[in-house]
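Single-structure report; data block below.
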Amino acid sequence: MTVLVRPKALGDHKVRTFQMLIDGKWVDSADGRTIERVSPGHGVVVSRYQAAASVDAERAIAAARRAFDDGPWPRMTASERSLILLKAADLIAARADELAFLDAIESGKPISQAKGELGGAADIWRYAAALARDLHGESYNTLGDGTLGVVLREAIGVVSIITPWNFPFLIVSQKLPFALAAGCTTVVKPSELTSASTLVLGEILEAAGVPAGVVNIITGTGPEVGAPMTTHPDVDMISFTGSTGVGRLTMANAAQTLKKVSLELGGKNPQIVFPDANIDEFIDAAVFGAYFNAGECCNAGSRLIVHRDIAEEVTARIAALSAKVKVGDPLDPETQVGAIITPQHLEKIAGYVSAASKDGAAVAHGGEALDLGMGQFMAPTILSSVRPDMAVAREEVFGPVLSVLTFETTDEAIRIANSIDYGLSAGVWSRDFDTCLTIGRRVRAGTVWMNTFMDGASELPFGGYRQSGLGRELGRHAVEDYTETKTLNMHIGARTGWWMPR
Ligand code: NDP
């Protein structure tokens, strides 16, 4: 059984209509087309956006180019930019309830979780504001009497920022403030499913004092609007979060003009648990790791690699706790697992579960879609007897589905953990220091949690190995990512001639 929180009808909720932000003006798409977003938790239209075409993307890129080449933003002092970012953070905090509501009705995530994400996002804007003032190069006064070397950090230029639907406000906040801190100008494209909070961010940035053309926000589909943002010669860098497939396409597009690319892609993250672990703590983290954001999370702990001696007990206890997880109305403050982003995505998740069952996995809990009268929902699901070669153990399901695999030796656990194409994050559970460090060093993932899962902080870099991505977000180098390095090689005194001695 699953605890159901039946959604309440949205009642007199008004459909909110948005324009796009190009060159400091709020505008319709060139051809007047719009997109409607149906709330995944309530099954009704909640937002209407402009469906931009490539001509709109080109206008936005041209505005960002002008703002970079001729505008004040890259020429301001870091202190001035930092003050504007701090003001933006205050305005985000002031409008956090509105932004969280928009993310919850459009993505289906629980409102209490969305509010937490807004708090995290405001913190990231403040962190980026602090880093803005610390951006600096290097000098070399050690190259002999005749030479002084200075290494500058310059803003890279125009950055295309493309974001997905699972953490609409948080993910744009992992990119945009750092690009702005460096002095870059930007074109931002949120997912066509969850554009509202990013558009409100545009209002916030205007109010905070970001000049026209520095942040342009366009809405529309990936192929129509995202693609030109990855190919246009006036774009200098792309920062993308989304699927590995589109990430690959983005990199191929960027190769035509050799743009810098930062990619945050999928994950199939293992949690490895040893018999000496604090099992109570682990059970809670396993349930949280698998069902947070309905599993629609690149960091989801969707693969448990459990020592054979405790596999039965662990699976039974996770099943028991899963039965207490509250699933349903994204707007109910008690809800822990909300709606699934689209009906098509729900079908994809259910397809993984039925394929795994046919292939020999056992459903220890859940396994089916839930009918709550409106919207689309999936029961928290545990699959046991999963083999490492099954699709459900190797591919990103992006739903509340946990696969339980077993191991006997540490080497075997590491081999299973490293046997897939992804390497975003991992967890290890043991009271033994050596065990934790051995796993921490040998698992190929961008983050390894020890006796915890999915904790994070603005100070800690985030990103993946292998097909989970390229580059790191957050952390103290996050602003540098949006810069070019320039060497000033200065000669002092008489130069020695090349052809003839002077
Ligand atoms: P996508 O990779 O398709 O979408 C991510 C962003 O890229 C969206 O803004 C999308 O636009 C845009 N996009 C799509 N096609 C192109 C293109 N040709 N050129 C440029 N931009 C493009 O992910 P989905 O949203 O379709 O999700 C599919 C799967 O991806 C999920 O099931 C999950 O496995 C994975 N995923 C991983 C995420 C992560 O955090 N690592 C986040 C989201 C998804 P639009 O959607 O508006 O068309």
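With the Cα gyration tensor of the stretch 270-450 giving a ≥ b ≥ c as the square roots of its eigenvalues, does the rule (a/c under 1.5 for rounded; else a/b larger than b/c for prolate; else oblate) give rounded, prolate or oblate?
It is prolate, given that a/c is not under 1.5 and a/b is the larger ratio.
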**OP:** State the answer as a single residue: which of Val397, Pro275, Ala350 lies farthest towards the positive end of the charge dipole of the stretch 270-450, with beta carbon charges of +1 for Lys and Arg and -1 for Asp and Glu, about the Cα centre.
**Re:** Val397
Subject >> the stretch 270-450 - share of DSSP beta bridges that are antiparallel (%, nearest 5) >> reply: 20
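Please tell me the relative contact order of the chain in percent, rounded to the nearest whole number, where contacts are Cα pairs under 8 Å and at least six residues apart.
Details: 1184 pairs, mean separation 96.3, N = 502.
Once normalised by length, the contact order is 19 percent.
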Original post:
Let a ≥ b ≥ c be the square roots of the eigenvalues of the Cα gyration tensor of the chain; is it rounded (a/c under 1.5), or, if not, prolate (a/b larger than b/c) or oblate?
Top reply: oblate
Subject >> Calculated from backbone phi, Karplus (6.51, -1.76, 1.60) coupling profile of the stretch 296-310 in Hz, x at Gly/Pro >> reply: 7, 8, 4, 8, 3, x, 8, 10, 9, 10, 10, 4, 3, 4, 10
Subject >> Mean ellipticity per residue at 222 nm, deg cm²/dmol - from DSSP H runs of n ≥ 4 across the chain, formula -39500 (n - 2.57) >> reply: -11000 deg cm²/dmol
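Please identify every one of the GluC sites (Glu not before Pro) in the stretch 412-475 that sits in a loop by DSSP and has no more than 12 other beta carbons within 10 Å of its own beta carbon.
Values: sites: Glu412, Glu459, Glu473; in loops: Glu459.
In loop regions of the stretch 412-475 (DSSP not H, G, I, E or B), the sparsely surrounded GluC sites (Glu not before Pro) are Glu459.
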**OP:** Give me the distance between the Cα centres of the stretch 101-153 and the stretch 175-231, rounded to whole Å.
**Re:** 16
Original post:
Among the lysines, which fall within straight-line cross-link reach of Lys25, defined as a Cα-Cα distance under 23 Å, with same-chain neighbours fewer than 8 residues apart omitted?
Top reply: Lys87, Lys175, Lys189
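Restricting the count to DSSP beta bridges whose residues both fall in the chain, what percent are antiparallel, rounded to a multiple of 5?
Details: 31 of 73 bridges.
Taking every DSSP beta bridge within the chain, about 40 percent pair in antiparallel fashion.
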Original post:
Where a ≥ b ≥ c are the square roots of the eigenvalues of the C-alpha gyration tensor, would you call the stretch 1-113 rounded, which needs a/c under 1.5, or, failing that, prolate if a/b is larger than b/c, or oblate?
Top reply: oblate
Original post:
For the stretch 255-347, which trypsin sites (Lys or Arg not before Pro) are in a loop by DSSP, counting at most 15 other Cβ atoms within 10 Å?
Top reply: Lys324
Original post:
Which lysines does Lys8 reach when only Cα atoms under 27 Å apart count, and residues fewer than 8 places away in its own chain are ignored?
Top reply: Lys109, Lys115, Lys324, Lys326, Lys348
Subject >> Mean-position separation - Cα centroids, the stretch 325-396 and the stretch 30-60, in angstrom >> reply: 28
Original post:
For the stretch 270-450, what's the relative contact order in percent, using C-alpha pairs closer than 8 Å and at least 6 residues apart?
Top reply: 27
Subject >> Cα centroid separation - the stretch 76-92 against the stretch 435-502, whole Å >> reply: 25
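Dipole magnitude of the chain about its Cα centre, charges +1 at Lys/Arg Cβ and -1 at Asp/Glu Cβ only, in debye to the nearest 20? Before the final figure, lay out each step's value.
Values: 46 positive and 58 negative charges, 182 e Å.
Using Cβ point charges on Lys, Arg, Asp and Glu, the chain gives about 880 debye.
Quick note: the coordinates plus some simple rules give every number you see, no bench work behind them. Values in this document were obtained by computation on a predicted structure and should not be read as measured data. Backbone-built Cβ (ideal geometry, glycine too); neighbour counts: all protein chains shown.
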